[in-house]
Structures are given as C-alpha cells and as structure tokens.
Amino acid sequence: MIDLLFSNLNILTISLIFFGVAFGVLVSAIPGLTTTIGVVLLLPFSFYLDSASSLGMLMGVFVGGMAGGAIPAILINIPGNPASIVTNINGYPLAQSGKGDFALGLAMISSTLGALIGLIVLYLISPELSDFALKFGAVEQCALVLLGLSLVSALSEKSVMKGYISMCLGLMIATIGLDPITATPRFNFGTVTMQQGISFIPVMIGMFALPTIIESLIITNDFKFPSLNKNYKECLIGVYDALKEVIQSKFNIVRSSIIGSIIGAVPGTGSAIAATLSYQLTKKLEKSEDNDRMSSQGIISPEAANSSMSGGALIPMLTLGIPGDPVTAVMLGALTIHGLEPGPLMISTFPEAYYGLLGSFAVSVFFLIILTLIGIPFFLKAIRIKTKYLMPVIFVLCIIGSFALRNSMFDVWIMIIFGVIAFYMRRNGYPILPLILALILGKILEEQFRMSLIISLGDPLIFFKKPISLTLLIILGCFLSYIFAKFVKNLMKEKKNV
Amino acid sequence: MLKITEELLFKTLISIVFFIYFYLSLKFPSIPMQEGYGAGLFPIIISVSFFLFAMKDFFTNDRKEFNKKENLVLLGFLIIIFIPIFFIDYLGMYFVLGLFLLYLNHVLKISIIKNTIISLVSIIIIHFVFVKIFKLSFPEIWFME
C-alpha cells in the first residue's frame, strides 16, 4: 500500500501541492478570506487537471490553510479562520512583547506536527471503517446520511432550529430535477436546464465566496499587518527557538492532535471546537509558573488540534461519503468532478486515487515543514497585500469557475443567486454548511430511503429491523432528545426570567 | 406594533418558498405504486419537517434591524451584475468581466489608474490561463461570431 501513496506523484503534481500549501497559508492569513474560499477558488482549475494533480493541490490548500490562520491571530489579534479562534489569546500578547517570530514559529510547527498525526490517524482508521461500511445496504446508508445531516445541522451554529431549516432548504433544492427512482421531472418549471437539477458546485462557490465579496463592499476595512522589525536571520532564530519549545511539549502535541483527529471525524463539529476543547484541556493539565511557557502551550495546543482535524475530517468523507466540514464538502465536489465516488467502496474501487490523496497529504505536510522553517519571513511580506485588491479578482474567478463546470451561464446565475441567499443567511444566523451538505447528500438520502421502502414492500419499520440502522437511529434519537431537553430547559429559564 | 426587521422579511421569504414547494409537492404521487412510493413522498416529508422547524424559528425574536444603506449597496451591486450577465450573448464574456472588475475596483476606492491597470492585467491573465491553456470557450461579442 505504501507504494501506492506516492505512485501518482510527478513534477506537475508536486509543484501544484507546493503551490497549494503556500496559497493555503496566504489565503487564510488574509483576514476576511478563509481556507474554504481558497479551496473554492482553485476548484475551477480541477476541471482541466488530472485527478492526482487537482486533488493534491486542494489537499495542499487544506493543510496550508489550517496553519495560516494563526498568522493574523498572532499579529493583529484577528483569527484568519475559525480554527485559530483561541490562538490569539496567547499569541497576540507574545507578538506585542516582540516575540512575534517565536509565536508564529510555535503555531506553524505545531500545525505541521498536528497535520502529521492527523494523517497517521486517517491512514490507520480509514481502511477499518471502510471495511465496516461495506456491510451497509440502502437502509443503513439512509440512516447514516440522516444521522450525519442531523449532526451537522445541530452543531454548526448557535440556533439548532436555524440549522435544521437550512438543512431542509438544502434538501428542497436537492429534489429539483429528475426523481432518482422513477425519473419524474420535479420542480423544473417546464425547463430543460432545471431538469438536470442544481449542481452543488456553483452553489458552493456562490455560498462560500460571494458573501465575503458583498461584505467587503459594505464594510471597506483594510487590515494593516505590523512589521516585526527583525531581519531574516533574527526571524529564523525565533523560529528555531520555537522548534525547541515544541520538541519539549511533545505530550501536549500528541494529546491535542488526537483530540483534533477524533473531533474532526464527527461531522459538523469543525476545527474551532477541536481547538477550543484542546486549549481548555491544556490549561487544566499544564501547570507551570513560567508565564512564557504557559503562553507557548496555549498556542501549541489549539494549532496542533486544528491541523490534525484535517486528517480526522477526511475519514467520514472518504469512507462514508459524508463530508463533515466546508473544505471536505468542496473536496468531495472535486472528487466527483473526476468521476471518483467517495464511500465504502472507494478504497477497493479507486485504490490509486485514495492512497494518492493520502500521499498528497503527506507531501503537503512535508512542504509545510519547509515553508515553516524557512518561509515565515516571506509570508509576513506577502500578506501585507490589501484585501480590496483581491475581491474583484475573486469575484471574476467565481464567475469563470461556475461557467467552466458545464460551459453554461445558468450555473453563473445559480452562483450569484445562492451567494446573495448565503449573504442574508449569514446575517440572520442561518448556517450555510447544512444547506450545502443537504444538497450534496439529498439525492443519496432520497434514493436510499425509497429503495429501502421498495425492499420492504412499503414497510417503514424496516429501518428498525436491521441492527446497524437501528443503532444509528438510536444514536440519532439520543442526540435529538438531548437537544430537545436543552431547548425545554432554555425555555423554562426564559419564562422564569420574564 | 409589528416592527419590520430584516430577519422578519427573510423569514417571510422562506415561508413563501415553503408554501410554493409544498403546493408543488402535492402534485406528484406519494402513494405506494408498483415501483415503490411516488416522486412526491420525499418532498412532502421535507415540507412537514421544514414546517415543524420553521414554526418555532418564526416566532423567536428578530434582532437584525433593516439597514437601508447596506441593502441599497447590495441592490446596486445586483443590478450592475445582473444586467450585463443577462445580455452576455451580445456583450461577450471579456467585456462583462472587465465591467465587473472596473465597477468593483471603483467601489473599493481604488484609484482610476490602478483600477484600469488591474482590470486589464486580470483580463489578459484570464485569457491566457483559461482560454489559451485550459481551452475554455467564452461567449463572444455578437459581431465577433
């Protein structure tokens, strides 16, 4: 299997992975842009590249993006992405005291090691889970998709109801086009274009990238990164001091990375939860009177956790076909563009693509190490570009990306309409991820649901008769009961206050 | 008195979409047939679930005030985007993209000279990367066809 990891690599693929890692670090280092936007922007190039190169490049962005978010968190106290939500607590004061290079070194090296541990977890767990998932028939798959969607909807934002409404909207959109069993045209308003259904790629491009562009038109703020007032050699000394500190904190790295990988594997949880949980645990477990050491641990822990999450998040996407976060949702789109279908059969049907993806992950981690050890001073210069120069180019890339999917302006319309919808959803607290996941998984859910009913001759109790599906539904039931109990408790509290 | 907030308008819009969807769902068969349940079953289940979730959400407090200025900026953006895209078969992709670049650079307060240079360079790069290298065919200006 090891030989398959790197069998797809050639000069083009390696160069694109390197480009992806550097691009990912830069994109998430610029406030207002996220790793998801980075992956979405490079998605149009996937149409023209071979699967190994395009997936390698996107994997590079994923790995680089998780590390890059720490840069603005440390330098200007604004997390570049949700993953770095707690990095600024200790990172910013360190940067203020003239140790910005050291803090950045800590964050980037911990991210690299976290990503490496995440990759090991992915390599070890995926084949086992995939073997188990082979036992899944229509009934089990239906229960699994329902559980995955419910988790994502409930965990993605503060309001559970808004999450579920967003999920239902996604399912509604997924039903547009031909019905998967009888091929009856639905909700197409008599048009042939709508009969094909709404592709989730322009929807993803619009919903993830367009709200940021619209927001930049409304609030024209630009962030100025401070200079570290150090030359290249002095910066490198800070990074190597950070390397020594990270080596001394090996237990923290391993603990945080394992937490990140486990949390990443649960759909809907995301990197912010992984980073916050491991940070809180580190604060409880690490006791030292040395303030600098405690600050270092407070940077190492969340950064290792959020980067290892990338490995964990790939587990359900590759083995079950359920993406757990926005970046893996876009990567699932890239896989389908190349005719690869993630799921239990992926390892046995497309072993080269599967192991190639893991190989790209490993190469991305390698490039991240190199970029961290010698490239931090360059990144600090590169991120000084003003965001306002990037927005028009991003918008044009969104249009071309949507158009390139089927050479059709219909997809451009879809991208813009869903971008505006996402803008209002974000403003009013409706999460976007459940809508996109429901759009991706809706067709599978309906197909498996109706297949199950055909198998059982219309008996809905079939979902409770199969042990795996029953277990999944019990988990779903417990989860929903917990949410309902929490909701009632809040309601009682509100009434008491009134 | 009922205060019109952005959230209320958004929720009303969602509700209208729901009612249209539910009405259309009823037009498809949902009874058991020879090939299983009809095409209407799944949309009806979604509609019912949506209704249950939305009922609770609809009556929660609306906090987001209606911001006239921000919505006008968005409206302006949409008008400037939609009109050229509607006439793209006559205007051509390069012209439309160039127009968007100039407009967005202008709104983001980039000076005219920088704006022109950035827009031109972007269009040239797009042409070389997507058309020359990736062989993507854009809609062209009507008189070029």
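Couplings 3J(HN,Hα) for the range A:484-492, derived from phi with the Karplus relation 6.51 cos²θ - 1.76 cosθ + 1.60 (θ = phi - 60°), are 5, 4, 5, 5, 5, 4, 5, 5, 5 Hz, where x marks Gly and Pro. One Cα centroid belongs to the range A:1-67, the other to the range A:88-143; the line between them spans 16 Å.
Within chain B, the whole DSSP H helices whose Cα atoms reach 27 Å or more along their own axis and whose mean Kyte-Doolittle score is at least 0.5 are B:6-25. Distant-in-sequence amide contacts of A:R186, defined by a placed amide H-H separation under 5 Å and a gap of 5 or more residues or a different chain, comprise A:G177, A:L178, A:D179. Among A:342-351, B:91-100, the peptide with the highest mean count of other Cβ atoms within 10 Å heads the list, and the full ranking is B:91-100, A:342-351.
For the peptides A:480-493, A:104-117, the ranking by packing is A:104-117, A:480-493, with the highest mean count of neighbouring Cβ atoms within 10 Å listed first. Bridgeable lysines around A:K135 (alpha carbons under 18 Å apart, same-chain partners fewer than 8 residues away excluded): A:K465, A:K466. Per-residue 3J(HN,Hα) values for the range A:287-301, derived from phi via the Karplus relation 6.51 cos²θ - 1.76 cosθ + 1.60 with θ = phi - 60°, read 10, 8, 8, 6, 5, 4, 5, 5, 5, 4, 4, x, 8, 4, 4 Hz in sequence order (x marks Gly and Pro). Taking a straight Cα-Cα cut-off under 27 Å and skipping sequence neighbours fewer than 8 places away in the same chain, the lysines within cross-link reach of B:K109 are A:K224, A:K381, A:K386, A:K388, B:K68, B:K69. Estimated at 0.36 nm per residue, the fully extended path between A:H338 and A:F6 surpasses their Cα-Cα distance by 117.6 nm.
With +1 on each Lys and Arg Cβ and -1 on each Asp and Glu Cβ, and nothing else charged, work out how big the dipole of the range A:2-497 is about its Cα centre, in Debye to the nearest 20. So the dipole magnitude of the range A:2-497 works out to roughly 1300 debye. What the Cβ-Cβ distance of A:M492 and B:K69 gives, at R0 = 41 Å and to the nearest 0.05, is a FRET efficiency of 0.55. Look at the stretch B:6-13: the mean tally of other chain Cβ atoms within 10 Å of its residues' Cβ atoms is 3.
Inverting the pair-averaged 1/r between distinct Cα atoms of the range A:2-497 gives 23.1 Å as its Kirkwood hydrodynamic radius.
Taking the longest Cα principal axis of chain A as reference, the axis of helix A:232-248 is set at about 70 degrees. For B:Y37, nonlocal amide neighbours, meaning residues 5 or more places apart or on other chains whose placed amide H falls under 5 Å from its own, do not occur. Starting at 0 and stepping by 5 Å, how many percent of the alpha carbon pairs of the range A:1-65 end up in each bin? Each 5 Å bin holds this share of Cα pairs: 4, 21, 27, 22, 14, 8, 3, 1, 0. Using r as the Cβ-Cβ distance of B:L26 and A:I454, and R0 as 30 Å, what FRET efficiency do you calculate, to the nearest 0.05? With a Förster radius of 30 Å, E is 0.85.
For chain B, the fraction of C-alpha pairs farther apart than 20 angstrom is 70 percent.
The slack between A:C478 and A:I370, meaning 0.36 nm per residue of separation minus the straight C-alpha distance, is 34.3 nm.
For the segment B:66-76, counting C-beta atoms of other chains within 10 Å of every residue's C-beta and taking the mean gives 2. Summing +1 for each Lys or Arg and -1 for each Asp or Glu among the other residues whose beta-carbon sits under 14 angstrom from that of B:I46 gives +1. Extending 7 Å from Cα along the Cβ direction at A:L281 and again at A:L134 yields two label points whose distance is 3.2 nm.
Remark: mean inter-chain Cβ contacts per residue of A:207-215 equal 1, using a 10 Å Cβ-Cβ cutoff to other protein chain atoms.
Highest average first, the peptides B:48-57, A:257-266 ordered by how many other beta carbon atoms sit within 10 Å of their residues are A:257-266, B:48-57.
Only protein heavy atoms count here, probed at 1.4 Å, and on that basis chains A and B bury about 5700 Å² of accessible area in total.
Applying 1/(1 + (r/R0)^6) with R0 = 30 Å to the Cβ-Cβ distance of B:I117 and B:I80 gives a FRET efficiency near 0.90.
When the range A:2-497 is described by a simple charge dipole with +1 on each Lys and Arg Cβ and -1 on each Asp and Glu Cβ, the residue from A:Y48, A:A209, A:N291 located farthest towards its positive end is A:N291. Computed in the context of the full set of protein chains, the accessible area of the range A:2-497 at 1.4 Å probe radius has 67% of its extent on carbon or sulfur.
Coupling constants for the range A:317-324 follow from the phi torsions by the Karplus curve (6.51 cos²θ - 1.76 cosθ + 1.60, θ = phi - 60°), and in residue order they are 5, 7, 8, 10, x, 10, x, x Hz; glycine and proline get x. With helices as the sole contributors, the protein assembly as shown gives -24500 deg cm²/dmol at 222 nm; each DSSP H run of n ≥ 4 counts as -39500 (n - 2.57), and the sum is divided by every residue. Largest first, the extents of the alpha carbon coordinates of the range A:307-349 on the three principal axes equal 28, 19, 13 Å. Surface exposure of the protein assembly as shown, expressed per residue as accessible area with a 1.4 Å probe, stands at 43 Å².
The values are calculated or read from the model by the stated rules, or taken from the named source; none is laboratory data. Remember, it's a predicted structure, so these values are computed and weren't measured experimentally. Cβ: placed from backbone, ideal geometry, glycine included. Neighbour counts: every protein chain shown. For accessibility, only protein heavy atoms count, side chains too; no ligands or nucleic acids. Shrake-Rupley method; radii C 1.70, N 1.55, O 1.52, S 1.80 Å.
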